[in-house]
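Structure, as structure tokens:
What follows draws every value from the coordinates through simple rules; no lab data is involved. Not measured: the values here are computed from a predicted model. For neighbour counting, all protein chains shown are included, and Cβ atoms are generated from backbone atoms with ideal geometry for every residue, glycine included.
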Amino acid sequence: MIEHRRPLRIAAGLLATVVAGIHAYWALPNAATQLLVWQFPDPRPAAFLLATVAILAGIALAVQGFDPLPIYVGGIALMVAFLGGYAAWHTVLDHGAFWPGRHAHGHSDASAIAVVATHLFADRLALASKAAEAALLAVLAVLTGIELRSE
């Protein structure tokens with residue numbers, strides 16, 4: 001590995017661990033509650049746990065020396081899905097009103113940016129999650145660029 005990549009790869013690994021940890025921290029108790037009553041009114045716990053497994057698998061593959069480019073691209077796709085999904089969930093998806101058993105929690109005439117900002121600043125865990133995801137997205141984008149230029 002070219003030496004200037006090492007600090008970026010370490011940062012990516014740490015950020016990925018933080019992102020996985022935050023999602024597992026939120027999803028595990030919610031998934032346990034859903035399993036306990038055998039009702040699944042929210043698809044996010046299962047999705048977050050699957051994503052956590054994917055992140056941890058990506059970290060393990062990177063540590064084992066697998067080709068990093070597909071790992072970076074997969075991580076970028078997942079971070080875009082997390083960031084875009086958060087915004088969509090709170091705006092166009094109306095807090096999951098598409099899911100059976102979920103009711104719309106519409107917002108007034110506020111703009112999408114205002115709605116997302118309001119949700120983020122009301123939930124410190126979500127804010128930390130989105131900050132870590134955005135940082136990981138940036139680091140993975142830089143690493144992807146480095147990999148593509150070195151081929």
Original post:
Between ALA134 and TYR25, what is the spin-label point distance in nm, taking each point 7 Å from the Cα along the Cα→C-beta axis?
Top reply: 1.8 nm
**OP:** Using just the alpha carbons, could you tell me how many Å³ per residue the convex hull of the stretch 10-97 encloses?
**Re:** 92 Å³
Original post:
In sequence order, what are the phi-derived ³J(HN,Hα) couplings for the stretch 131-140 according to the Karplus relation 6.51 cos²θ - 1.76 cosθ + 1.60 with θ = phi - 60°, rounded to whole Hz, with x for glycine and proline?
Top reply: 5, 5, 5, 5, 5, 5, 4, 5, 5, 5
**OP:** For an R0 of 41 angstrom, estimate the FRET efficiency from the Cβ-Cβ distance between ALA46 and VAL142 and round to the nearest 0.05.
**Re:** 0.85
Original post:
By how many degrees, 0 to 90 and rounded to 10, does the Cα axis of helix 68-90 deviate from the longest principal axis of the chain?
Top reply: 20 degrees
**OP:** For the chain, find the longest principal axis of its Cα atoms and tell me its angle to the long axis of helix 5-37, 0 to 90°, nearest 10.
**Re:** 30 degrees
Original post:
Counting chymotrypsin sites (Phe, Trp or Tyr not before Pro) as exposed when in a DSSP loop with at most 14 other beta carbons within 10 Å, what is the longest stretch of the chain free of them?
Top reply: 99-151
**OP:** Determine, from the Cβ-Cβ distance of LEU14 and ARG124 and an R0 of 22 Å, the FRET efficiency 1/(1 + (r/R0)^6), rounded to the nearest 0.05.
**Re:** 0.65
Original post:
Using the alpha-carbon atoms, what tilt in degrees (0 to 90, nearest 10) does helix 44-63 show relative to the longest principal axis of the chain?
Top reply: 10 degrees
Original post:
What number comes out for the charge environment of LEU120, summing +1 per Lys or Arg and -1 per Asp or Glu over other residues with Cβ under 13 Å away?
Top reply: 0
